[in-house]
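Working notes for the structure below.
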Amino acid sequence: MRMYDLIEKKRDGKALTDEEIRQLVNGYVREEVPDYQMAAFLMAVYFRGMTDRETAVMTDCVAHSGEIADLSEIPGIKVDKHSTGGVGDKTTLIVVPMVAACGGIVAKMSGRGLGHTGGTIDKLESIPGYRTQLSRKEFFSVVRRVGASVIGQSGNLAPADKKLYALRDVTATVDSIPLIAVSIMGKKLAGGSDRILLDVKMGSGAFMKTADEAVKLARKMVAIGEHAGRRTAALITDMDVPLGNFIGNALEVREAVHTLQNRGAGDLTKVCIALAAEMLFLSEKGSRKECRALAERSITDGSALQCLKEMVHAQGGRAEALEDPDGLPNCRLRIEVKAERDGYISHMDAQGIGASSMILGAGREKKEDSIDYGAGIELRKKTGDRVCAGDVLAVLYTSEERRFADAKVRFLEAVRISEEKPAAKPLILARVDSKGVKWYQ
Ligand code: URA
C-alpha cells in the first residue's frame, strides 16, 4: 500500500494490518518514509488511537529496529523499572540499589531528561567520574559483582523510537497513550530484562493528567509486556507535586543518598519502598509482605546505600563524593523565593516547577545544550503546608545570575496559595498487572 493510503486509513479510524504497520515503521527507519508523512500518521493516531494489536505490532517493530540486549549470560531473574517521567523523580537512584541489596538483579539502561522531566543518566553523570557508557563486558561484570548497573541507552537500542520521539516532540504528538506505550515498551523489550515494573505517573507533572488515563496507559503497557513473554506490572503514582524536596541533578543525587540513609522525605521514601517491593515480588523474592519488609530493611540496615556506593565505584565514580557535602557539583548562586500572602499551598503545578528548574540550567532546552549539574530547586514547602507572607517557599540554585528572574516568575506561577487547606491525596493510587487493576483509594 502507498503511504498516502495508510495515513488515510488511520485518519478515517480504521485499523492497519500487521504488514502495514511494519511497512510504515521499517520504511521510516530506512528513510523511505519522509518526516511529513510520518508526522501526519502520528497526528492521525493521536486523534484515532490504535487497537491493542496495532500497538503490540508497532512496539515489536520499534524493539527490533536495533539490537535486542541478550542478558542470558547473567544468571537469575533480571528485573527492570521504568518511570513514565516526572519532576524530582530520582526513584531509580534509590530503588535499584535497594533491590540489588535484597538479592534482585538489575541491568538497567536509562535515558536523559525529556522536556520538563529529568533523566537518570544526567543525574548519575553529576557524580564525578561516573561512567554511563560501559562495554557489554564491563556492564555484565558490574551486574554480576554488585547486583545492579545503570548505564545510558546504547545508540542502537530501539533507534526507531529515537527518530519517532524527536518527531513527536515537535509535532505535538507526545501525549498519546498508544504512542507512549509503543515508545516505552519498545525500549523495555529491547533492554532484555525478564520482568518489568512500570511507574506510571499521573498529575500536573506527568503526561497522564488523570488516574483513569494513567490506568489506561498502564493496562496497554502491561498487555504488551505480557504478550512478549515478560511478566509486567505497574504502579500508578502521584505526580501532581514534585517527588521529594529537591529538583536538579546533583541535588537529586544528594536527596537519594539521604533517603538511603533513612532521612529522606516521607513521600519519596514511601514511593521507593513500594516500587522496590514490587520489583522484588516480580523477582520471586517472597510474598508481597515479605518483599516490602526486605525493601524497608535495606534502608534501615544501610545495605542499599552500600550497594549504591559499590555501583558508583565499579563504574568509575567517586563513591566518597556521595556523602561529602562538597563532593558533588554545587552552585555558587542562590536566591530564596518567598510566599506573597498567608494561606495554604493548595496546588503546585509540577510541570511549571520542572520548567523553572530547566530555566535555572538543570535541563536542556535543545539536545545540544549542556547541563549545570548543581542547578535546581530546593522545596521548603509543599502542597498542604500552611504559609505566612514572607516564608521561604523554595531556594533556587544556578551558576548564572541572569537565569534567576525568569525562573522565579515561572516558579511563583506554579504555586497557588488559598484560604482552604486542600484535601490530602493518595501517593500510590493503583496497581495494574495481568489480572487487572487494584485501586488503593
Ligand atoms: N517516555 C518515553 O520514553 N516515551 C514517551 O513517549 C513518553 C515518556
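Have a look at S346, S399 and point out the one that is under 19 Å from V253 (Cα atoms), among the small types (G, A, S) and either without any contact (Cβ under 8 Å) to a residue 60 or more places away in the chain or outside the structural domain of K270 (by TED's automatic domain parsing) (or both). Break it down into steps so the answer makes sense when it comes.
Working: S346 fails: under 19 Å from V253 (Cα atoms).
Checking each option against the conditions leaves just S399.
Go through the stretch 71-87 and report how many residues are over 14 Å from I151 (Cα atoms) and either aromatic (F, W, Y) or within 16 Å of the ligand (Cβ to nearest atom) (or both).
5
Outside any strand (DSSP E or B), touching a helix residue (DSSP H, G or I) at 6+ places or on another chain (Cβ under 9 Å), under 23 Å from A256 (Cβ atoms) and not assigned by TED's automatic domain parsing to the domain that holds E252: does that describe G352? Give the steps one after another, and end with the answer.
Numbers: outside any strand (DSSP E or B): yes; touching a helix residue (DSSP H, G or I) at 6+ places or on another chain (Cβ under 9 Å): yes; under 23 Å from A256 (Cβ atoms): no; not assigned by TED's automatic domain parsing to the domain that holds E252: yes.
In short, no.
Every residue in the stretch 109-148 that is in a helix (DSSP H, G or I) and closer than 18 Å to I77 by Cβ, please.
Of the stretch 109-148, the ones in a helix (DSSP H, G or I) are 120-124, 136-146.
Hits for the stretch 109-148 are F139, F140, V142, V143, R144, R145, V146.
Looking at I177 and the list (1) farther than 24 Å from W439 by Cα; (2) within 11 Å of the ligand (Cβ to nearest atom); (3) not acidic (D, E), which single condition is not satisfied?
Evaluating I177 over (1) farther than 24 Å from W439 by Cα; (2) within 11 Å of the ligand (Cβ to nearest atom); (3) not acidic (D, E) leaves (1) as the failure.
Would you tally the residues in the stretch 198-235 being on the phi < 0 side of the Ramachandran plot and more than 15 Å from the ligand (Cβ to nearest atom)?
Taking the stretch 198-235 first, the residues on the phi < 0 side of the Ramachandran plot are 198-202, 204-228, 230-235.
So of that shortlist, the ones also more than 15 Å from the ligand (Cβ to nearest atom) come out as 204, 210-212, 215, 219, 222-223, 226-228, 230-233, 235.
Residues meeting the conditions: 16.
How many residues does the stretch 355-378 contain that are polar (S, T, N, Q) and modelled with pLDDT of 95 or more?
The number of residues fulfilling the criteria is 2.
Do we have L157 as surrounded by 21 or more Cβ atoms within 10 Å (Cβ to Cβ), modelled with pLDDT under 95, within 16 Å of the ligand (Cβ to nearest atom) and outside any helix (DSSP H, G or I) here?
On the way: surrounded by 21 or more Cβ atoms within 10 Å (Cβ to Cβ): yes; modelled with pLDDT under 95: yes; within 16 Å of the ligand (Cβ to nearest atom): yes; outside any helix (DSSP H, G or I): yes.
Yes.
List pairs: first residue in the stretch 157-179 and of a type outside the set (G, A, S), second residue part of a loop (DSSP other than H, G, I, E, B) and within 9 Å of the ligand (Cβ to nearest atom) anywhere in the structure, Cβ distance under 6 angstrom, at least six positions apart or on different chains.
Between residues of the stretch 157-179 that are of a type outside the set (G, A, S) and residues that are part of a loop (DSSP other than H, G, I, E, B) and within 9 Å of the ligand (Cβ to nearest atom), the close pairs are R168/V174; D175/F207.
Would you be able to tell me the number of residues in the stretch 212-264 that are among the small types (G, A, S), part of a helix (DSSP H, G or I), within 18 Å of the chain's Cα centre (by Cα) and over 30 Å from E320 (Cβ atoms)? Show your work before the answer.
Taking the stretch 212-264 first, the residues among the small types (G, A, S) are 214, 218, 223, 225, 228-229, 233-234, 244, 248, 250, 256, 264.
Next, from what is left, pick out any that are part of a helix (DSSP H, G or I): 214, 218, 223, 225, 250, 256.
The next check asks that each one be within 18 Å of the chain's Cα centre (by Cα); those that pass are 214, 218, 225, 250, 256.
Now drop any that are not over 30 Å from E320 (Cβ atoms), which leaves 214, 218, 225.
Qualifying residue count, the stretch 212-264: 3.
Scan the stretch 93-108 and tell me whether some residue there is closer than 20 Å to I184 by Cα, within 16 Å of the ligand (Cβ to nearest atom) and either part of a helix (DSSP H, G or I) or not assigned by TED's automatic domain parsing to the domain that holds S204 (or both).
No, the stretch 93-108 has no match at all.
Being closer than 18 Å to T383 by Cα and either in contact with a Cys (Cβ under 6 Å, 6 or more places away or on another chain) or surrounded by fewer than 18 Cβ atoms within 10 Å (Cβ to Cβ) (or both) is the filter here; which residues of the stretch 193-209 pass it?
Within the stretch 193-209, just K209 meets the criteria.
If you check L328, L305, which single one turns out to be of a type outside the set (S, T, Y), touching a Leu at 6+ places or on another chain (Cβ under 8 Å) and in a loop (DSSP other than H, G, I, E, B)? Give the steps one after another, and end with the answer.
On the way: L305 fails: in a loop (DSSP other than H, G, I, E, B).
Criteria check complete, one pass: L328.
The values are calculated or read from the model by the stated rules, or taken from the named source; none is laboratory data. Model, not experiment: these values are computed from the prediction. No Cβ is skipped: glycine too gets one built from the backbone with ideal geometry, and neighbour counts run over all protein chains shown.
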